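Here is the structure we will look at, set down as structure tokens.
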Amino acid sequence: HIGQETIEQVLQDIEDEVVLMAGTKREISSKAIGEAALRQLYKIDTVAYIRFASVYRAFDNVDQFIQEIESITHKMK
């Protein structure tokens, strides 16, 4: 379970990252926002990360899930 305070902090971290990426342009692609969300989710909950990634990256087969899980497992070692 992730508390409300953690959720609010993750949202703030995503917003801060997006503002930095946008710089003076004040514009950023939705892809960059999605990737920022993935990075923040990865830090706090890898299951939430996989769930979001599966929708955001439109996983359409089990192999894509397996590849992403193996990638996470490899990074954790």
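The values are calculated or read from the model by the stated rules, or taken from the named source; none is laboratory data. All values reported here derive from a predicted model rather than from experimental measurement. Note that each Cβ is placed from the backbone with ideal geometry, even for glycine, and that neighbours are counted across all protein chains shown. The protein model used for the area step is the full one, side chains on, heavy atoms only, and it has no ligands, DNA or RNA in it. Shrake-Rupley method; radii C 1.70, N 1.55, O 1.52, S 1.80 Å.
If you take the residues of segment 31-77 that are of a type outside the set (A, V, I, L, M) and part of a loop (DSSP other than H, G, I, E, B), which of them is farthest from ILE14 (Cα to Cα)? Give the derivation first.
So in segment 31-77, the residues of a type outside the set (A, V, I, L, M) come out as 31, 34-35, 39-40, 42-43, 45-46, 49, 51-52, 54, 56-57, 59-61, 63-65, 67-68, 70-71, 73-75, 77.
From the residues that got through so far, the ones that are part of a loop (DSSP other than H, G, I, E, B) too are 45, 57, 59-61, 77.
Working: ASP45: 15, ARG57: 18, PHE59: 23, ASP60: 26, ASN61: 28, LYS77: 26 Å.
Across segment 31-77, the extreme among qualifying residues is ASN61.
Taking segment 54-75, which residues are touching a helix residue (DSSP H, G or I) at 6+ places or on another chain (Cβ under 8 Å) and either under 24 Å from HIS1 (Cα atoms) or open to solvent by 80 Å² or more (accessible area, probe 1.4 Å) (or both)? Reasoning before the result, please.
Applying the first criterion (touching a helix residue (DSSP H, G or I) at 6+ places or on another chain (Cβ under 8 Å)) to segment 54-75 yields 54, 56-57, 59, 64-65, 68-69, 72.
If the condition is that a residue be touching a helix residue (DSSP H, G or I) at 6+ places or on another chain (Cβ under 8 Å) and either under 24 Å from HIS1 (Cα atoms) or open to solvent by 80 Å² or more (accessible area, probe 1.4 Å) (or both), then SER54, TYR56, ARG57, PHE65, GLU68, ILE69, ILE72 are the ones that fit.
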message = So for segment 31-44 (the condition being more than 23 Å from GLY3 (Cα to Cα), among the charged types (D, E, K, R) and loosely packed, with under 15 Cβ neighbours inside 10 Å), does at least one residue qualify?
response = yes
inquiry  = Need pairs with beta-carbon distance below 7 Å; first residue within 14 Å of ALA53 (Cβ to Cβ) and within segment 66-77, second surrounded by 10 or more Cβ atoms within 10 Å (Cβ to Cβ) and among the polar types (S, T, N, Q); sequence gap 6+ or separate chains.
reply    = ILE72/THR46
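Consider ARG51 carefully, then state whether it is on the phi > 0 side of the Ramachandran plot and open to solvent by 100 Å² or more (accessible area, probe 1.4 Å). Steps first, please.
Working: on the phi > 0 side of the Ramachandran plot: no; open to solvent by 100 Å² or more (accessible area, probe 1.4 Å): yes.
Answer is no for this residue.
Tell me, yes or no, whether segment 22-30 has at least one residue that is open to solvent by less than 90 Å² (accessible area, probe 1.4 Å), not in a helix (DSSP H, G or I) and not hydroxyl-bearing (Ser, Thr, Tyr).
From segment 22-30, those open to solvent by less than 90 Å² (accessible area, probe 1.4 Å) are 22-23, 28-29; that's our starting set.
When the remaining residues are screened for being not in a helix (DSSP H, G or I), the result is 28-29.
From what is left, the residues that are not hydroxyl-bearing (Ser, Thr, Tyr) are 28.
Yes; the residues of segment 22-30 include at least one that is open to solvent by less than 90 Å² (accessible area, probe 1.4 Å), not in a helix (DSSP H, G or I) and not hydroxyl-bearing (Ser, Thr, Tyr).
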remark   = The residue from ILE44, ILE28 that alone is in contact (Cβ under 8 Å) with a residue 40 or more places away in the chain and among the β-branched types (Val, Ile, Thr) is ILE44
